[in-house]
Amino acid sequence: DGGVYQGITQGLDDPADPSTGLAHIGAGLLSAASQDALFFSASESLFLQAEAAMNGDIAGVALDLFQSGITESFNLLGIGGDAAGYIASNAATVDLESIMNEKYVALHATDGLEIYIEHNRTGFPNPPLPTLTTDSHRPYRLMYPQSEFVGNSANVINISRADVFVPSLFYQH
């Protein structure tokens, strides 16, 4: 809304309608058991290319790739409205934070794990922590599921809850 991100901090009720509940997402993106599966969206690819072009790792115009990623995000999510108008009002420049913010919007309902990994890698986006957390930051890693201990016990490191809050991954800043 006018370049300002809006939303509800995780853990708080919707002030407009507290009966909505924290998990209410409307009709959702799953419309039928027979619908196509998404492995890698065009918008995600374009945002990755925008970052690579911005860093000089590939040829291309980072801003053009970034804006194309936004357009594809609008298309994928079936968002009504005008992608070109949004771009004209909100996406005239490109930097790592703007790419990650738009990538978050594009993937929030389809690939939460990628958003988590990108946040750990870049620090963006940086929404408020959930209100009920006792930790000062988000987890840096995920714990292994029980199935890994059962099927791959020789290769699984047993970590504690405290270990997930220690920045130890190679790509963290």
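So here's what we get for this one:
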quantity: Whole-Hz ³J(HN,Hα) from phi, Karplus 6.51 cos²θ - 1.76 cosθ + 1.60, for segment 119-124, glycine and proline x; calculated: 4, 5, 6, 10, x, 10
quantity: Full-extension gain in nm, Ala162 to Leu113, via 0.36 nm per residue minus C-alpha separation; calculated: 15.6 nm
quantity: Sulfur and carbon atoms: percent of accessible area, segment 81-131 [1.4 Å]; calculated: 57 percent
quantity: Cut-off 11 Å between beta-carbons: net charge of the residues surrounding Thr71, Lys and Arg +1, Asp and Glu -1; calculated: -4
quantity: Average accessible surface area per residue within segment 40-173, 1.4 Å rolling probe, Å²; calculated: 58 Å²
quantity: Gained length - Ser34 relative to Tyr140, 0.36 nm times residue gap less alpha-carbon distance; calculated: 34.6 nm
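The values are calculated or read from the model by the stated rules, or taken from the named source; none is laboratory data. None of these values were measured; they are calculated from a predicted model. Cβ sites come from the backbone with ideal geometry, for glycine too, and all protein chains shown count toward neighbours. Surface accessibility is based on the protein's heavy atoms, side chains included, excluding ligands, DNA and RNA. Shrake-Rupley method; radii C 1.70, N 1.55, O 1.52, S 1.80 Å.
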